[in-house]
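A.B. asks: Provided herewith is a single structure, encoded as structure tokens, for subsequent inquiry.
The values are calculated or read from the model by the stated rules, or taken from the named source; none is laboratory data. Because the structure is a prediction, the values reported are computed rather than measured. Here the Cβ positions follow ideal geometry from the backbone for every residue, glycine too, while neighbour counts run over all protein chains shown.
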């Protein structure tokens with residue numbers, strides 16, 4: 001298979017996005033956000049845990065202006081199936097009223113979780129609210145999600161790496177790889 005990392009999982013299929021491609025695109029997104037918010041007095045990156053951690057950390061290093069960061073932990077899935085509602089496991093600590101908020105997520109799949117979180121956050125009166133996603137699977141969208149800053153559009157495949165996981169496996173891979181679900185064995 002020849003995957004570029006000191007270990008590999010037997011269930012990985014192929015690398016879709018290399019570490020170099022990720023690094024370059026995250027830098028470009030940071031430059032764009034820096035330009036778009038050059039006059040903002042209050043900029044907040046609000047990450048959705050846990051998948052966005054690597055992305056938001058790298059992204060904020062490329063934003064050349066003052067900002068703050070907070071997190072939310074939300075869940076709408078049990079295993080690989082949607083439960084039909086979004087549960088807030090951990091809410092953000094700081095008030096977002098009057099702030100320019102960029103909601104940062106790892107992947108947009110059906111769009112349900114982001115759609116619900118966006119609706120909740122808009123009720124909290126931010127000055128503005130934009131969405132930044134590392135990955136987008138437009139074929140899977142079921143809810144209208146305006147992705148203002150998109151890293152990569154990918155095909156409808158299950159992926160791991162760079163914060164994304166399958167049952168907590170693969171998060172620390174420095175690339176995005178597709179999973180061969182036929183080979184995947186839940187342990």
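Condition check ((1) free of Cβ contacts under 8 Å to residues at least 40 places away in the same chain; (2) surrounded by fewer than 18 Cβ atoms within 10 Å (Cβ to Cβ); (3) part of a loop (DSSP other than H, G, I, E, B); (4) in contact with a strand residue (DSSP E or B) (Cβ under 6 Å, 6 or more places away or on another chain)) across all residues:
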position	(1), (2), (3), (4)
131	yes, no, no, yes
135	no, no, no, yes
139	yes, yes, no, no
144	yes, yes, yes, no
152	no, yes, no, yes
171	no, yes, yes, no
174	no, yes, yes, no
177	no, no, no, yes
182	yes, yes, yes, no
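A.B. asks: Still on this structure, I have one more. In this structure, is residue 78 within 24 Å of residue 156 (Cβ to Cβ), at pLDDT below 95 and more than 17 Å from the chain's Cα centre (by Cα)?
C.D. replies: Details: within 24 Å of residue 156 (Cβ to Cβ): yes; at pLDDT below 95: yes; more than 17 Å from the chain's Cα centre (by Cα): yes.
Yes; evaluated as a whole, the condition is true for this residue.
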